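Heads up, the thing below is written out as structure tokens.
The values are calculated or read from the model by the stated rules, or taken from the named source; none is laboratory data. None of these values were measured; they are calculated from a predicted model. As a convention, Cβ positions derive from the backbone with ideal geometry for all residues, glycine included, and neighbour counts pool all protein chains shown. Protein only, heavy atoms only, side chains kept; ligands, DNA and RNA dropped before computing areas. Shrake-Rupley method; radii C 1.70, N 1.55, O 1.52, S 1.80 Å.
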Amino acid sequence: MGRTISGTLSGILSAAARDIDWTCDLIFPSQTMRFATSPIVVSGNSYTNELQRVSAIRQTIEAPTDTVSVGIQNLNRTLGQHVAANWAAWRSAIAIIGRNYYQTGSNGVRTGTSTWVEMFRGAVQRPTVDDFEVAFDIVPDTVSPGQIVADRNLGPLCPALFKQSNTCGYSGGLTTCNHLLRSPDGCDGRSNSHRFMGFEHRYAPDVNVPGTGGNDDPLDDGSGINPDCPRVDQYVRVRGENGDVEPQMVAFLTLESQLWNPRLRRFVPIKSLRHVPCVPIWELLTVSGAVGYSSGSHPIIADFADMNGRPVETIKPRERVLAEHEDLLQTSAALLRQFGTGDVMHIEIDADTDEEKIYCYGDTPQKMIVCHNRKDEPILI
């Protein structure tokens, strides 16, 4: 089906000299970012000249508009840091691709006659970040995946982020909370029990939800041990579209993703993914500069001979740690500390041997820490 052409656009297209600028509007729940191939102003909105590439927009009779790939510069790391800090907002972002048509004189200078046309809009998918650009795909909203993680879980712990104004609401001087209702270090101890959002009942010890088989601890996956998880804003290495090794934020992993095993130097499939909110987080900094944030039980590989790893919370400074800076690197722990709470992703690799369950994670795509999928420990009865 042909496009409707306005009188202004018809005049520009019939001129002897004309040109276009591509634009990209990124619409988040709380803000809008605007990028273009040139610094322009459209309908009073300013666009920065940071849009590096827009793929071809194809249409066929049988199918809707194809996926559009976009690249925005990240040399100053501003947009990449925005992705890391606001990964949840990127999951619900909408992008609008447009063209700004304008006339030029014989010397190539704009004459002032211009018009903007929307070409395509859709949901942002699979943002990836490196030192040069933030790249993502835009797909029609009719085929984009919906929200798959509930706003609240059925666990006894309160899922609200401590001191978040629209959920927790606590504004006192205390700096920590264990997310329990009846606890001096929880809601009761902060006179904030009226905002408790978990499913711990004040008077009934049974937290089972009627009509269900029970309501387990959010850190218990049913095996009797805690899941070993990286924080959702960390990076892992995965298989790219062309079979290359690419960094990917944990929050955007899917069951189709394949993790890179730096020891075997091949990709391994993912069996399951489970989002776990409000987990105590541990920070590990190595002498080589790799930094990782994860749950305390996340197993860290010590050296080339280690096949299982040990929980990060048990590691001490100067103990051996295996890192991955494009190649495997033997280093040691420089700093280990508990770092508040956060959301983690429980990753289960579809493999049989311990060596196959090794991958790497880190706070930046360049330097990562080698870790294990999980370390089975005896169940205490």
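A few points about this structure:
- Members of the stretch 18-37 that are surrounded by 13 or more Cβ atoms within 10 Å (Cβ to Cβ) and touching a residue at least 60 places away in the same chain (Cβ under 8 Å): Arg18, Asp19, Ile20, Asp21, Trp22, Thr23, Cys24, Asp25, Leu26, Ile27, Phe28, Ala36
- Residue list for the stretch 96-141, restricted to those being free of Cβ contacts under 8 Å to residues at least 60 places away in the same chain, closer than 29 Å to Leu79 by Cα and over 27 Å from the mean Cα position of the chain (by Cα): Glu118
- Candidate set from the stretch 248-300 (those that are open to solvent by 10 Å² or more (accessible area, probe 1.4 Å) and hydroxyl-bearing (Ser, Thr, Tyr)); member that is farthest from Gln125 (Cα to Cα): Ser288
- Test: residue in the stretch 56-66 that is in contact with a strand residue (DSSP E or B) (Cβ under 7 Å, 6 or more places away or on another chain), open to solvent by less than 80 Å² (accessible area, probe 1.4 Å), at pLDDT below 90 and of a type outside the set (Phe, Trp, Tyr): yes
- Test: residue in the stretch 276-293 that is of a type in the set (D, E, K, R), under 15 Å from Glu324 (Cα atoms) and out of contact with any Cys (no Cβ under 7 Å at 6 or more places or on another chain): no
- Arg152 being under 30 Å from Gly362 (Cα atoms), open to solvent by 60 Å² or more (accessible area, probe 1.4 Å), out of contact with any helix residue (DSSP H, G or I) (no Cβ under 9 Å at 6 or more places or on another chain) and at pLDDT below 90: yes
- Selection of first residues in the stretch 41-69 that are over 20 Å from Thr115 (Cα atoms) and of second residues that are of a type in the set (Lys, Arg) and modelled with pLDDT under 90, restricted to Cβ pairs under 6 Å at least 6 apart or on distinct chains, gives the following pairs, ordered by first then second residue: Asp66/Arg58.
- Qualifying residue in the stretch 300-318 (condition: in a loop (DSSP other than H, G, I, E, B) and in contact with a Pro (Cβ under 8 Å, 6 or more places away or on another chain)): yes
- You will find that of Arg274, Arg190, the residue that is basic (Lys, Arg), modelled with pLDDT of 85 or more and closer than 30 Å to Tyr359 by Cβ is Arg274 and no other.
- Single residue of Leu329, Leu335 found to be open to solvent by 60 Å² or more (accessible area, probe 1.4 Å), of a type outside the set (Gly, Ala, Ser), over 30 Å from Ala160 (Cβ atoms) and outside any loop (DSSP other than H, G, I, E, B): Leu329
- There is no residue in the stretch 114-122 that is in contact with an Asp or Glu (Cβ under 6 Å, 6 or more places away or on another chain), of a type in the set (A, V, I, L, M, F, W, C), over 28 Å from Cys278 (Cα atoms) and modelled with pLDDT of 90 or more.
- Residue pairs whose Cβ atoms lie under 8 Å apart, sitting 6 or more positions apart in sequence or on different chains, and linking a residue in the stretch 322-338 that is in contact (Cβ under 8 Å) with a residue 60 or more places away in the chain and of a type in the set (D, E, K, R) to a partner that is open to solvent by 50 Å² or more (accessible area, probe 1.4 Å) and not in a strand (DSSP E or B), are Glu324/Lys367.
- Positions within the stretch 38-47 being among the β-branched types (Val, Ile, Thr) and open to solvent by 60 Å² or more (accessible area, probe 1.4 Å), in sequence order: Val41
Here is a yes/no grid of residues against (1) hydrophobic (A, V, I, L, M, F, W, C); (2) in contact with a Lys or Arg (Cβ under 8 Å, 6 or more places away or on another chain); (3) within 28 Å of His275 (Cβ to Cβ); (4) part of a strand (DSSP E or B):
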residue	(1), (2), (3), (4)
Val41	yes, no, no, yes
Ser46	no, yes, no, yes
Asp66	no, yes, no, no
Leu75	yes, no, no, no
Val83	yes, no, yes, no
Ala89	yes, no, yes, no
Gly98	no, no, no, yes
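- Residues that are touching a strand residue (DSSP E or B) at 6+ places or on another chain (Cβ under 8 Å), in contact (Cβ under 8 Å) with a residue 12 or more places away in the chain and part of a loop (DSSP other than H, G, I, E, B) within the stretch 225-255 comprise Asn226, Pro227, Asp228, Cys229, Val232, Asp233, Gln234, Leu253, Thr254, Leu255, listed in sequence order.
- Which numbered condition Gly71 fails, given (1) open to solvent by 40 Å² or more (accessible area, probe 1.4 Å); (2) at pLDDT 90 or above; (3) touching a strand residue (DSSP E or B) at 6+ places or on another chain (Cβ under 7 Å): (1)
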